[in-house]
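A short write-up of the structure that comes next.
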Amino acid sequence: MRDIARNFQALPLVSWMVWIAMAVIAAPVMALPVEALPETAETEEVTLVTSLPESTPDEASKEEEASEEEDETAEATNGAEAEQILLAQENASDLAEPADPFFFDETSVEASEDGVLAPLSNTESEIDDAVTGEEVDVEGPLTPPSLKLQTAAIVEDGDFSARARVYGHYFLESNVAFVGAVDLSTGDAFSDTDSTGFNVSELYVVASPTNLPSLRGAAGLIELTSFFDRNSFAKDSLTHFINPVFQTNPALAATQLESQPAALIHWRPIDEIILKAATFSSGGFDDLNFDAFAGELGINVGNFIVRGTYVTATDNGDRDGIPESFQLNRNGIFGPQEGDREESYGINAEWFIPQLNAGLFGRYGHHRNTDLDISGNTYSFGVNFLDLFMEDDRFGIGYGRDLSDDDRRQGDRPDVLETFYDIRLAPNARAAVSLQLRDEFSDAVFGVRVRADWDLLELLD
């Protein structure tokens with residue numbers, strides 16, 4: 001399905017349609033005043049109390065009785081409301097991450113999709129213990145469906161890229177859900193979008209045993225970078241750095257770690273350990289053959305998280321991989337060939353420092369083409385500062401080196417030093433500027449990005 005969709009390339013007119021649509025969508029967002037933010041429940045309550053007239057003793061007695069009745073009603077409905085609160089971990093101060101439909105309850109500074117951080121299957125006893133201490137029967141899905149639209153544009157050194165993404169999930173039961181995402185894009189800046197034009201990025205089902213919520217599985221078309229090599233400070237080109245060396249470990253990305261037909265298992269045996277494993281088709285749906293494997297061990301201790309990832313797959317003919325491999329001649333063909341066996345290792349660490357309100361990150365990756373007998377390395381590191389100059393802003397600086405074989409390299413180092421500053425323009429819109437120094441600081445690239453996120457179900461209500 002995905003490869004059929006990839007063959008539908010956007011006509012030149014589509015590029016302009018995407019840009020015009022984004023401008024139409026983003027314009028009213030930019031115009032929203034700060035006062036348009038919805039008031040919190042606490043503010044509404046204070047307003048109601050202060051607006052009541054002074055009451056006589058008799059009226060006060062009646063009000064006290066009415067208050068007691070309201071308290072009893074609140075206690076009766078508290079359980080049902082608490083279930084929603086437990087399952088929907090909402091954070092209106094951060095935008096939903098469309099590439100992260102199921103974060104599977106890992107510790108992270110980033111807010112994930114509403115209702116998804118909680119276990120897919122909260123047992124009745126867990127809900128009870130938090131509410132009344134007594135067992136109750138819970139039937140059907142407890143988390144509401146989600147359907148959102150993200151529009152975004154990135155301009156780098158005069159090159160324009162834009163994307164409109166619709167994504168969401170729907171729970172059939174409290175432990176079974178469908179997830180999907182479709183893109184309409186133009187340009188090359190979005191590394192998690194396979195091609196320009198129309199593209200189906202994700203379409204899979206995820207489920208968890210009712211008696212073992214720490215074990216979950218997913219099957220279908222899965223964006224594997226949503227599960228492997230995650231990082232709270234260097235992952236998303238619309239939240240963090242624009243350069244792809246800071247998004248997914250280049251060694252893993254060169255081993256077909258992308259949107260693929262896959263089956264995945266996620267298990268958290270204890271709070272500090274996270275295990276993930278997936279088998280997937282290196283050639284997508286065109287050559288459906290589950291010949292690839294990805295595995296990851298994650299360890300988190302407080303605010304420190306380290307992940308070790310291993311991926312093995314066959315080359316899919318995209319002519320990517322280690323740049324120096326194209327120096328090697330094999331029967332008149334230079335570089336990797338479709339079907340070559342590849343493997344990669346990656347180490348990924350992040351550490352959030354609350355005292356500084358800052359997060360450090362670092363990656364190292366090793367990639368090897370076993371048929372060509374060539375290997376390369378990559379690494380990156382940097383820092384993000386949150387709420388630095390104003391509320392909800394983000395400043396980041398990082399240095400990274402793309403995948404390369406140092407012994408065979410003949411030109412400049414494929415490195416990049418990038419700094420960015422990202423701010424919130426409106427409740428559902430952000431913008432950022434970026435400066436990159438590439439190839440041994442010989443090339444300076446200035447970038448600008450904007451994004452707007454919409455809850456389509458709220459708009460339809």
Anisotropy class of the range 218-276 from Cα gyration tensor, a/c 1.5 cut: oblate
Apportionment of accessible area to carbon and sulfur, the range 304-415, percent (1.4 Å): 53 percent
J(HN,Hα) series, the range 262-270, from Karplus relation 6.51 cos²θ - 1.76 cosθ + 1.60, nearest Hz, glycine and proline x: 7, 10, 10, 10, 10, 9, 10, x, 9
Sites Asn211 and Ala263, calculated FRET efficiency, Cβ-Cβ separation with R0 30 Å, nearest 0.05: 0.90
Positive minus negative residues near Leu147 (Lys, Arg vs Asp, Glu; Cβ under 10 Å): -1
Rg over Rh [alpha-carbon atoms, Kirkwood Rh] for the range 273-426: 1.06
Proximal charge balance of Ser442 [Cβ under 11 Å; K/R count +1, D/E count -1]: -3
Sequence of Ile423, Ile242, Ile333 when ordered by accessible area, the most exposed leading, probe 1.4 angstrom: Ile333, Ile423, Ile242
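How do Tyr310, Tyr345 stack up against each other in accessible area, from largest to smallest, with a 1.4 angstrom probe?
On the way: Tyr310 65, Tyr345 110 Å².
Largest accessible area first, the residues go Tyr345, Tyr310.
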Estimated distance in nm for a label pair at Arg319 and Glu173, the labels positioned 7 Å out from Cα along Cα-to-Cβ: 5.0 nm
Radius 14 Å from Cβ of Ile333, net charge of other residues (Lys, Arg +1; Asp, Glu -1): -2
Alpha-carbon centroid distance for the pair the range 141-173 / the range 391-433, whole angstrom: 22 Å
Alpha carbon centroid spacing (whole Å) that separates the range 235-280 from the range 285-331: 10 Å
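The values are calculated or read from the model by the stated rules, or taken from the named source; none is laboratory data. Computed from a predicted structure; not experimentally measured. Reconstructed Cβ throughout: ideal geometry from the backbone, glycine too, with neighbour counts over all protein chains shown. Calculation scope for accessible area: heavy atoms of the full protein, side chains included, ligands and nucleic acids excluded. Shrake-Rupley method; radii C 1.70, N 1.55, O 1.52, S 1.80 Å.
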